[in-house]
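Following: one structure in structure tokens, then a few remarks.
The values are calculated or read from the model by the stated rules, or taken from the named source; none is laboratory data. Values in this document were obtained by computation on a predicted structure and should not be read as measured data. All Cβ positions, glycine included, derive from the backbone under ideal geometry; neighbour counts span all protein chains shown.
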């Protein structure tokens, strides 16, 4: 065999073992989720068999059980909070990030440092004062408390993220816009925002995920009226024991919206940021 | 259309050192001229162009386009169009939209926009690509879109900032000719920045040479080549670069090795900087006046060969351009003479200014 052929075979063997490894790792990671999906279509009896059963007659009874346990109000709370928080964060973060990246002034780096510092305090340390403040403002068990908290929690992150996307906008492209006669709003809406659109999608996705899955504030500051989906899920841990199948169904319902949003955002994320603008 | 005037225009960057990126630039560009700003990096040529575009402040002096003073106007009110080094196309817009953008902002009617874009596309052979996004174009096509974006606006002045430096060598030569032709056809005043002196020489009606923010000379390419105003221009314009060396001045002139070069300059100088272009030197036979050069390196370019060597006495390096068919060999000693006694340049040894006319 020639050396070229040997080298080529070696390279192929390498490629195959690498993709095998990738598959193994991927399946390891996805397996609990697949198991959750499978379990959610089982009856409680099927879910408890040992050894676990791979083949069973699927049923939707767990899903209707979840809805019967009052899932929908929690879903509505989560949706309301997540959508509103994401919108508010984007509306505030985009202009802030623009100013902090493309129109810097003397105090810009201080401002950025300040935003970041607000993330340095562990939430556990802040929960008692937050509880007291919420109580005084009559915002306990109120979705608006979550809206305010999640917005302030996500805003620094969103500003930093959006800023890094703005920094990647080619300066010459902005200058070309100015020479072409664009005013600042035109420049922003017609040229800069379309170019950073993938960045906006990424930031929105992060914001949705964090708001949707946030548990600590929600469990401490809300109860039956303003509870979100993660709080609902905890309700399955009861003294009578776990209802695996129903918990799986609830968990599946809880994660579906994020998966859908992620899938939509992904289509925007893959587009190159400023592909074709320069060079 | 209009001419451009820089009147003692300066750009001073704030900070501890007050860097004068462009220092009291005085330059008048008549209507329709193709002016090339050339210089090494950091010479202020791009800054000068950006001052005209309104992308850089004018800290002192003034800039006029036509009769209008534009010193403090924003870019959009200056009636200019600019082609950037990176092209700076709008990646989310099609070729047609890229070209139409400025016209739409100015409220030109839909039919007119479409007609103008089509016309420019035809001129630049972009008609087939009007519906494509920039990322689906080659480098040369993107460059043409950038040109098209400038052309459709029919501005008073075209500004071009090294528009060819991202193209490969072959395309660059081709596009160079196309831009020069296009400018002649449109007759629009054009300011073109480059660090490539071949571009400067071949494209410009006149060439302005800058160094450290100061204008060195502004003249037609031929004039620049034949009568460089100072040592810097002499060394910068022409490829390969002029041989420059400072030598003692005797009564009968200076000596280049054994070769006497008669010069006549004001007598109070004891030294003079002598400049001889590599193409002004030639290999000569025995008996002709010459100096001896020990060959250290031969660069063969096909048509020509560049012979690098040192005067046999040691010291100054000299380059000679010879016929590519019969280059001397390495280590050989060759006799080199002047092609024409008039083809020498003399500069002041201290301030570098030209002494002969």
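Name, by its number, the condition in (1) away from chain B (no Cβ under 14 Å); (2) modelled with pLDDT of 90 or more; (3) over 17 Å from residue A:70 (Cβ atoms) that does not hold for residue A:254.
If we test residue A:254 against (1) away from chain B (no Cβ under 14 Å); (2) modelled with pLDDT of 90 or more; (3) over 17 Å from residue A:70 (Cβ atoms), just (3) comes out false.
Can you name every residue in segment B:35-59 that is in contact (Cβ under 8 Å) with a residue 60 or more places away in the chain and either closer than 14 Å to residue B:160 by Cα or within 14 Å of chain A (Cβ to nearest Cβ) (or both)?
B:35, B:36, B:37, B:38, B:45, B:46, B:47, B:48, B:49, B:50, B:52, B:53
What number of residues in segment A:163-196 are within 30 Å of residue A:80 (Cβ to Cβ) and more than 8 Å from every other protein chain (Cβ to nearest Cβ)?
8
How about segment B:129-147: which of its residues are more than 26 Å from the chain's Cα centre (by Cα) and at the interface with chain A (Cβ under 10 Å from one of its Cβ atoms)?
Listed by number, the residues that qualify are B:132, B:133, B:134, B:135, B:136, B:137.
Among the numbered criteria (1) surrounded by fewer than 12 Cβ atoms within 10 Å (Cβ to Cβ); (2) in contact with a helix residue (DSSP H, G or I) (Cβ under 9 Å, 6 or more places away or on another chain), which one does residue B:339 miss?
(1)
Quick check on my filter: what residues within segment A:197-219 are within 14 Å of chain B (Cβ to nearest Cβ) and buried (at least 22 other Cβ atoms within 10 Å of the Cβ)?
Selection gives A:199 alone.
Out of all the residues in segment A:101-108, is one or more surrounded by 15 or more Cβ atoms within 10 Å (Cβ to Cβ) and at negative phi?
Yes, segment A:101-108 has at least one match.
All but one of (1) within 11 Å of chain A (Cβ to nearest Cβ); (2) touching a helix residue (DSSP H, G or I) at 6+ places or on another chain (Cβ under 6 Å); (3) in contact (Cβ under 8 Å) with a residue 60 or more places away in the chain hold for residue B:150; state the number of the condition that does not hold.
All conditions are met except number (2).
Could you figure out which of (1) out of contact with any helix residue (DSSP H, G or I) (no Cβ under 7 Å at 6 or more places or on another chain); (2) more than 9 Å from chain A (Cβ to nearest Cβ); (3) buried (at least 18 other Cβ atoms within 10 Å of the Cβ) isn't true of residue B:170?
Of everything listed in (1) out of contact with any helix residue (DSSP H, G or I) (no Cβ under 7 Å at 6 or more places or on another chain); (2) more than 9 Å from chain A (Cβ to nearest Cβ); (3) buried (at least 18 other Cβ atoms within 10 Å of the Cβ), residue B:170 misses just condition (3).
From the list B:231, B:209, which one is crowded, with 18+ Cβ neighbours inside 10 Å and over 15 Å from the mean Cα position of the chain (by Cα)?
Answer to the check: B:231.
In segment B:197-313, which strands (runs of 3 or more DSSP E) lie fully inside it and hold 2 or more residues that are out of contact with any strand residue (DSSP E or B) (no Cβ under 7 Å at 6 or more places or on another chain), touching a residue at least 40 places away in the same chain (Cβ under 8 Å) and over 30 Å from residue B:48 (Cβ atoms)?
Where strands (runs of 3 or more DSSP E) fall fully within segment B:197-313, none carries at least 2 residues being out of contact with any strand residue (DSSP E or B) (no Cβ under 7 Å at 6 or more places or on another chain), touching a residue at least 40 places away in the same chain (Cβ under 8 Å) and over 30 Å from residue B:48 (Cβ atoms).
Residue by residue, here is whether (1) under 24 Å from the mean Cα position of the chain (by Cα); (2) under 12 Å from residue A:248 (Cβ atoms) holds:
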| residue | (1), (2) |
| --- | --- |
| A:6 | no, no |
| A:11 | no, no |
| A:16 | no, no |
| A:26 | yes, no |
| A:29 | yes, no |
| A:39 | no, yes |
| A:44 | no, yes |
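For segment B:106-123, which positions are surrounded by 17 or more Cβ atoms within 10 Å (Cβ to Cβ) and within 12 Å of chain A (Cβ to nearest Cβ)?
The answer is B:108, and nothing else.
I'm trying to understand the selection: among the residues of segment A:170-186, which are buried (at least 19 other Cβ atoms within 10 Å of the Cβ) and without any contact (Cβ under 8 Å) to a residue 60 or more places away in the chain?
Hits for segment A:170-186 are A:175, A:176, A:177, A:178, A:179, A:180, A:181, A:182.
Given B:103, B:73, B:126, B:89, which one is facing chain A (nearest Cβ under 10 Å) and under 29 Å from the mean Cα position of the chain (by Cα)?
Result: B:89 is the single residue among B:103, B:73, B:126, B:89 that is facing chain A (nearest Cβ under 10 Å) and under 29 Å from the mean Cα position of the chain (by Cα).
Could you tell me how many of the residues in segment A:99-109 are at pLDDT below 90 and part of a helix (DSSP H, G or I)?
Number of matching residues: 3.
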